[in-house]
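Notes to accompany the following structure.
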Amino acid sequence: MYPELKLFIAGEWRATARDLPVVNPATEKELGRLPRAEIADLDDALTAAEAGLKIWSATSPRERSDTILRAAKLLRERQEEIAQSITLEHGKPLHQARLEVIRGAEFFEWDAGEAMRTYGRIIPAAQGHKFAVHHHPIGVVAAFSPWNFPMSQPARKIAGALASGCSIILKAAEETPAGAMHIARAFQDAGLPAGVLNLVFGDPSEISDHLIPQEPVRLVAFTGSTTVGRHLTTMASQHMTSVLMELGGHAPVIVCEDTDVQAAALSGAIRKMRNAGQVCTSPTRFFVHENIFEEFTEAFVARAAKTVVGNGMDAGVEMGPLANDRRVPALSALVEDARAQGATVATGGARHGKQGYFFQPTVLVDVPDNAQIMQEEPFGPLAVINPVASLDDAIAAANSVPYGLAGYAFTNRADYIDRMIDAVEVGNLSINTLEASMPETPFGGVKSSGYGREGGSEGLDNYLSIKHVWHARNIV
């Protein structure tokens, strides 16, 4: 079910002289060869995007919406084919890949509706004058999506751009290219004009260095690490180009003494291991009230240790491999540093098996503040559980990192909820659930976790420019 890998430029699929392997992380076997874009390919994509922008920005919101919905319908119909491709290249269990395809389709369906709601407004003015605010597509978008969600992450960028009337050049992740390719194919089959959506792969720095300074590019949309996001933001600022940045997180979970301890622990252990912990909103730093700390930790560790690890194509598997070979030594280093600082490894802590990039579900307990894991997002199946004496202590610990993407809490007390809403420094706060966002809700971070929002009624804001029109009836 794995597709032949190609670039998509100006409505056509193309190969290049340069390529690189795409590897199944469960078997370490090659799935295919991915073409790497040359500078000439990038220039062709820019030319195509400029031409596509002229057509698409002049297309009515209703027509844009209809095209997006046709593509979303095709993605739903092709769910099984796309899901198998995702599992092969990423490693996540097949049932999770199926859900990701639907999630991606939902992003398109929501933004298709928002395409028809990019309202302006009339501002009261003196007699003989009219003030009006108009929204226009910002221009060509250069977008960069990560490897952890091969289908739904590209969908967020493409949906926002196309719903707003922009054209887009997407550089999807080289480790997991099939999801974005399936999206491009769906839009091609749905009748999207050539050049509106272009898909490239290759050397990330070469592509960003070439695309971002180009005058037609008016927005850089990126999901990935804070380090890379800062670099791209600096580059964009030199050309006065807008940015939309969804960057790293290190999500805290505050577990209050009044909650259902067993239910919270079970929920936390299952959610932490979803996608092998390779989620920017993954619950990682659990701050548990000292009165329930022992019970919570025991239940959490027991469930984490029972996680079924294996090839995502096999039935019953709950957690697949890490997506690439870089993550195994990175997680091992975090565990060893925490152990050296005095933390207890309650379960896991090492590579799982001898073939594939598997890592054991891992729980660290009583981790000192000076351990690297307390400041660095693990992006893997690694959880920290520490006791706290009060809600104030938990909030202080939650806010002690430079990131603020998602945060969670378990409590039934209204006063606790009010305090956390006001005090926890995140862009997304969830109470009694570990789900961070839906297509209809705005998603993004504060502090070093990014700038701007995707999803919700706010999701198109970054893709639109604002024009104020002052019309005087007579010359004044």
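The values are calculated or read from the model by the stated rules, or taken from the named source; none is laboratory data. Source: prediction; values computed, not measured. FYI the Cβ positions are ideal-geometry reconstructions off the backbone, even for glycines, and counts take in every protein chain you see.
Values as computed for the structure displayed
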{"read-out": "Qualifying residue in the stretch 196-205 (condition: assigned to a helix (DSSP H, G or I) and either assigned by TED's automatic domain parsing to the domain that holds E38 or of a type outside the set (A, V, I, L, M, F, W, C) (or both))", "value": "yes"}
{"read-out": "Every pair of residues 6+ apart whose Cβ atoms lie under 6 Å, when the first sits in the stretch 278-300 and is within 15 Å of V363 (Cα to Cα) and not assigned by TED's automatic domain parsing to the domain that holds T87 while the second is surrounded by fewer than 23 Cβ atoms within 10 Å (Cβ to Cβ) and of a type in the set (K, R)", "value": "P283/R271"}
{"read-out": "Test set (1) among the β-branched types (V, I, T); (2) surrounded by fewer than 24 Cβ atoms within 10 Å (Cβ to Cβ); (3) touching a helix residue (DSSP H, G or I) at 6+ places or on another chain (Cβ under 7 Å) - T241 fails condition number", "value": "(3)"}
{"read-out": "Options I86, I102; residue that is in contact with an Asp or Glu (Cβ under 9 Å, 6 or more places away or on another chain) and in contact (Cβ under 8 Å) with a residue 24 or more places away in the chain", "value": "I86"}
{"read-out": "One residue from E114, E63 being out of contact with any Ser or Thr (no Cβ under 9 Å at 6 or more places or on another chain) and under 30 Å from H471 (Cα atoms)", "value": "E63"}
{"read-out": "Qualifying position, being buried (at least 21 other Cβ atoms within 10 Å of the Cβ), in contact with a His (Cβ under 9 Å, 6 or more places away or on another chain) and aromatic (F, W, Y), among F358, F379", "value": "F358"}
{"read-out": "Elements of type strands (runs of 3 or more DSSP E) in the stretch 395-476, at least 1 residues being among the polar types (S, T, N, Q) and touching a strand residue (DSSP E or B) at 6+ places or on another chain (Cβ under 6 Å)", "value": "428-431, 464-472"}
{"read-out": "Condition met for D369 (loosely packed, with under 15 Cβ neighbours inside 10 Å and touching a Lys or Arg at 6+ places or on another chain (Cβ under 9 Å))", "value": "no"}
{"read-out": "Subset of the stretch 329-346 [of a type in the set (V, I, T) and buried (at least 20 other Cβ atoms within 10 Å of the Cβ)]", "value": "V335"}
{"read-out": "Residues within the stretch 326-377 that are of a type in the set (D, E) and either within 24 Å of the chain's Cα centre (by Cα) or in a loop (DSSP other than H, G, I, E, B) (or both), tallied", "value": "4"}
